[in-house]
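**Q** Dropping the structure in here first, questions after.
The values are calculated or read from the model by the stated rules, or taken from the named source; none is laboratory data. Because the structure is predicted, anything quoted here is derived from the model rather than measured. Cβ: placed from backbone, ideal geometry, glycine included. Neighbour counts: every protein chain shown. Only protein heavy atoms, including side chains, enter the accessible area calculation; ligands, DNA and RNA are left aside. Shrake-Rupley method; radii C 1.70, N 1.55, O 1.52, S 1.80 Å.
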Amino acid sequence: MINKYKSIIESKYNEYDEDVRFDRMSQKFEYLTTMRYIQKYAKKGCKILEIGAGTGRYSIALAKMGYKVTAVELVEKNLQVLQKNAKGVDNLVSMQGDCLDLSMLKDNTFDIVLCLGPMYHLFNKKDKNRAIAESIRVCKPEGVLMFAYLSHASIVWGYGVRKGNLSALAYGINKDGSIKDIPEEIFNSFYTEDFAKQFEKTNTKFLKQVATDGLAPTMREYIDEKMSEKDYNLLLNWHFATCERVDQLGYSSHLLYICKKL
Ligand SMILES: C[S@@+](CC[C@H](N)C(=O)[O-])C[C@H]1O[C@@H](n2cnc3c(N)ncnc32)[C@H](O)[C@@H]1O
């Protein structure tokens, strides 16, 4: 199957250095929180698949911890950086591939399936369902799946307010406040209940949703430039204590949907 948006996705990532994505203190919220949940569910030495592995920030760290990692990435440039960064790392196999067609991977293979990014770049229901179905197919029964997605609030506050694009964004806002899926805009977003609805007819059991970074990306300048280390650690610990709460989910920039295959 050919991803008809591949060239749009490629051109976005070709002009962006994905490898520095977690370098700022404000960005580490997402990484540290996601890692906490992966480690909560991953048993020692288990098999992990990362779909849309980017430059390997998660995959390489997990392989170094002793998990057996398979990394699949759509964009050639990101895959090349991943393979360069992974030189000398054991337990890691990487390949080019599309979340819409994982036919190179067998059914019921992985204990943990991570889809941390591809859901941002799917622009119709059929593709979203297909990516979810493929992820479930390759996961073992009783295995755990984690899907990252963006909230509508993050687009409005981050792209709209913080970057001064609110009036440009207005044409893409539906009556209920959700944001239209526009491939050229590259990132899509969800309400938490709509993301969960996509799993209603699948053979999975909901475990939890997690707000992986809250307002940290929106408060980026303050956190990165003005915050003391002591306050940063206080905020991070408060975030860890509250990130599963329903009242924290909707405004978080990134979210994690976690479920188990039945
Ligand atoms: C925001 S990045 C996240 C990378 C990494 N998972 C992380 O969290 O740091 C999303 C990644 O998904 C990849 N991607 C986008 N669409 C994809 C698809 N259809 N299949 C596989 N990977 C895809 C992008 O090329 C990009 O590297």
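**Q** Of all residues in the range 113-164, which are open to solvent by 40 Å² or more (accessible area, probe 1.4 Å) and either farther than 20 Å from Glu30 by Cβ or in contact with a Leu (Cβ under 6 Å, 6 or more places away or on another chain) (or both)?
**A** Result: Asn124, Lys125, Lys126, Asn129, Arg130, Ala133, Arg137, Lys140, Pro141, Glu142, Gly164.
**Q** Also, quick follow-up: If I filter the range 181-210 down to residues being touching a strand residue (DSSP E or B) at 6+ places or on another chain (Cβ under 9 Å), open to solvent by 50 Å² or more (accessible area, probe 1.4 Å) and within 19 Å of Lys12 (Cα to Cα), which single residue comes out as modelled with the highest pLDDT?
**A** So the residue we want is Phe187.
**Q** Within the range 61-71, can one find any residue that is under 14 Å from the mean Cα position of the chain (by Cα), aromatic (Phe, Trp, Tyr) and surrounded by 14 or more Cβ atoms within 10 Å (Cβ to Cβ)?
**A** No, the range 61-71 has no match at all.
**Q** Looking at the range 155-178 only, could you name the residues that are touching a Phe, Trp or Tyr at 6+ places or on another chain (Cβ under 7 Å) and without any contact (Cβ under 8 Å) to a residue 12 or more places away in the chain?
**A** Asn165
**Q** Among (1) modelled with pLDDT under 95; (2) open to solvent by 50 Å² or more (accessible area, probe 1.4 Å), which single condition is Phe22 missing?
**A** (2)
**Q** Is it fair to say Ile136 is within 14 Å of the ligand (Cβ to nearest atom), assigned to a helix (DSSP H, G or I) and touching a strand residue (DSSP E or B) at 6+ places or on another chain (Cβ under 8 Å)?
**A** Details: within 14 Å of the ligand (Cβ to nearest atom): no; assigned to a helix (DSSP H, G or I): yes; touching a strand residue (DSSP E or B) at 6+ places or on another chain (Cβ under 8 Å): yes.
No, not satisfied.
**Q** Just to be sure, is Gly158 at pLDDT below 95, within 15 Å of the ligand (Cβ to nearest atom), more than 23 Å from Ile51 (Cβ to Cβ) and not polar (S, T, N, Q)?
**A** yes
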